Each structure stands twice: as structure tokens, then as C-alpha cells.
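Notes to accompany the following structure.
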Amino acid sequence: MTPPLPAPTAVAPRTPAVVSRLPEVGTTIFTVMSALAQACGAVNLGQGFPDFDGDARLMSAVKQAIDAGHNQYPPMAGVPVLREAIAAKIEALYGHRYDLASEITVTAGATQAILTAVLALVHPGDEVIVLEPCYDSYEPSIRLAGATPVRVALSAGTFRPDFARLAAAITPRTRALIVNTPHNPSGTVWTDAEMQRLADLLRPTDVLLIADEVYEHMVYDGAAHQSVARHPELAARSVLISSFGKTYHVTGWKVAFAAAPAALSAEFRKVHQFNVFTVNTPMQHGLAAYMADPAPYLELPAFYQRKRDLFRAGLASTALRLLPCEGTYFQCVDYSGLAPEVAALSEADFCRWLTHEVGVAAIPLSAFYADGRNQQVARLCFAKRDETLQAALQRLNAHLPRR
Ligand SMILES: Cc1ncc(COP(=O)(O)O)c(C=O)c1O
């Protein structure tokens, strides 16, 4: 028999107060802009994900994996067939062979991989350098490890690495540097020469590199992605992170990987094991089967370059100035040439205005800086169906024609 429930007391239930581990974290601008876009019926080019589905062959590979009974816990580091596919792809593209047994770990998205790498390798009191503007998970990850984020700005206007500033930021307490190429939000892609300079800079130090390469297959105009896996010296001190969500148009699946030398991977896996432990089995089998054909990722640059060119051609007749877009699926625009009352708006206010008055949602670049600085630049995402891009272009051209 079930024992009777205790009689209710007159004391009001009370949740004990907590001291936040991340007091500075609130609702992000991404959530705010998406809600505003929906409320205004705006075309949402703020969200950094596709509004189209991934390849039907990938979907059916996952369904087949479910039907084949791949539904229980997989090995902690990921299913061996997927780790083998990842190792083979990296070797074929970048020339470095990672050992699947000890050097590749499948993660629940790149965001988890970044946090795991930081928690595993960084100690309280350490410093971790990030190059801003940067993806918003870096700083909270560093703070959760009890370390101090040290922000070094990419060069104003070009968003290229400033090696003098970077060198000046390295101290005996610097444990790691996070580099993201191709770069969100600016769309810049590091060159071979820049990677060489990075290798030169880090050579005399023990600084580790966390290489966020989630947009590795979105590099345009015939340029090559400069993975750390192309640079043996950098690979030896790096955790390379990439995401299937970006590569295969399935951001909601949250499957990614981290590849690193065995000594770094061993520490990475200690945290991974007690954080997520394992990642969704049928997705891993489906991805492994789908990766047997390299065409989808080899054809991705052409797929997105066409969208980039379509979008840029449509924007060329507006008063927005286009910044270069060498990679990623983001196009940054400078609105300083618009009517003075609009050009004078802060980036956040400009994006609100654009959503309300023009009907196109964008993200202010200031959201990617700690100090929220304004450069009169907004980020638009072109990972959208052509119809979505055309609808946005029609509104932008109608409201913001070039004079
Ligand atoms: C630079 C960068 N790193 C990491 C991520 C996160 O990837 P995932 O969805 O696999 O966690 C994103 C997603 O927008 C990103 O832009």
C-alpha cells in the first residue's frame, strides 16, 4: 500500500538563493532578434542556421541505423566507424592522421566540445586568449573553468589577426588561445601565412590552441581552409573542433568532434565521460554511412558560394556597404552610408530598426564583443532558401536603395 502523503504545512516552499557562476550571462541578442523577427513578420537573416533540410540520403541513413537496432549506448569516444570516417576525411583533406582509438572524440555539438576542451585543459587562475569579435560560448566556458578570458581584437575594418597585439597579450599565465577560422561573424578565412605566423608566435610557449573550425567546408573563391591539421606544429598543440551540424545542414542534431594529440584527448575524454558520456548512437551510424561519399562536403563551397554571390549581387544595389565574405555563411554589411538618422543608430538599434521598418532581421556585430562596441556593422546569414534571400533582398532594395 502507498503510504499517505504528509499533511501540507503552512510554510511556503522556498528555493534557496544561489550565487550565479555566470552573473553576466542573460538573454542573448540572438533570442531577442528572433522573437522580434517573428513578432514583426520579418525575414529572419539573424539566425545562423539553414531554413532548408539536410540531404534525404543522410536522413534515411539515420533511419536505417535506428531500424538496424543502433539504439543503445555507443562507446564513450564515439562509434568506431564514425571516428574512422573522421580520421580518413582529415587525412585526405589536410594530410594529418589522427589515431581513432586515442585522438578523436565525438561530441554533442561543437559548443560542448569547446567547453569540454576548456574544462579539461585550463585551470583556475589561467588566462585564455580569445580574438574578438567571437562566438558567444567562449567566454562563459573560460569563466566556468575559473580562468580569465583575455580579449584581443581582430584588426578594425578587416578582422584579420593582429599578431603584435596577440604577442603582447601572451603572458606566463596564458594556457590557451581560441582561434576560429573561417570566422563567425566576419567571414574572414585565415591564410597559410597567418597560420605560419601563429606557429612562429606559439613555438617558444606552452600555449595550447583550441581551433574552432566548424565552418571548415565553407571557404570560397578557390581558397583552402587552413586547418591546424595542415600545420604539424600547430596540430601538436591543438584541439581541432568541427561540427556536422554546419557541414550537413543539421544544426539541431548537435553532433561534432574534437581531434587532438593523445595526451590532450585523454584529458578531454575525462571531462567528456562525466559530462555527456556518449553521443546519440543512430546519428553517429547514419553520419558514418553518409560520409563514405565525400561529394556532399566537397561540393559545399560551391553550394554556398552561389548563395553568397546571389545575395551579394542583390545587396549591391542597396546603400549597404558589403564587407568581404571569404567563408562561413555570414555576410557583414556596413550601414554608415545610410540616411544620417539611421547611420547614427547603434548596431543594436539599427538591427531593431531594420527588423521593424524594413522587415529583415540581422545581428549587431557589437553582440560579439565584451564591450559592445559599435562599428556600424551588422551580420546577415545567407544559409537560406533562395526564396528567403530574394524576399529579404526585395525589402532591402525597396527601403534602402543606393542613391
Ligand atoms: C564559431 C562557432 N563555433 C561553434 C558553434 C557551435 O556549433 P554546434 O551547433 O555544433 O554546437 C557555432 C554555431 O553557430 C559557431 O558559429
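We did not get these values from a lab; they are worked out from the coordinates using the rules stated. Because the structure is a prediction, the values reported are computed rather than measured. When we count neighbours, we look across all protein chains shown, and the Cβ atoms used for this are built from the backbone with ideal geometry, even at glycine.
Checking every one of the trypsin sites (Lys or Arg not before Pro) in the range 171-208 against DSSP loop status and a limit of 16 other Cβ atoms within 10 Å picks out Arg173. With a Förster radius of 56 Å applied to the beta-carbon distance between Glu91 and Arg14, the computed FRET efficiency rounds to 0.45. Ala313 label point, 7 Å along Cα→Cβ, cut-off 16 Å on backbone N: hits in the range 363-389? The answer is 386-389, whose backbone nitrogens lie closer than 16 Å to the label point.
Spin-label pair Arg306-Asp349: with each label point 7 Å from Cα along the Cα-Cβ axis, the two points sit 4.2 nm from one another.
Note on Gln394/Ala7: beta-carbon distance plugged into 1/(1 + (r/R0)^6) with R0 of 51 Å gives a FRET efficiency of 0.20. Exposed loop sites were defined as chymotrypsin sites (Phe, Trp or Tyr not before Pro) in DSSP loop states (anything but H, G, I, E or B) carrying at most 15 other C-beta atoms within 10 Å; in the chain the longest segment without such a site runs 53-273. Extension gain for Arg160 to Gln196 (0.36 nm times residue separation, less C-alpha to C-alpha distance): 11.5 nm. Rg/Rh for the chain stands at 1.00; both radii use Cα atoms, and Rh follows the Kirkwood definition. One equal scatterer on each Cα of the range 257-403, no solvent, Debye formula: the resulting log10 I(q)/I(0) at q = 0.20 Å⁻¹ is -1.14. Exposure proxy ranking for Lys384, Lys246, based on other Cβ atoms within 10 angstrom of each Cβ and starting from the fewest, stands as Lys384, Lys246. Based on DSSP H segments of at least four residues, each scored -39500 (n - 2.57), the chain has a per-residue ellipticity at 222 nm of -11000 deg cm²/dmol.
Placing a label point 7 Å from the Cα of Val81 along the Cα-to-Cβ line, no residue of the range 95-113 has its backbone N under 13 Å from it.
Length gained on full extension, Ala236 to Asn71: 55.9 nm, using 0.36 nm per residue less the C-alpha separation.
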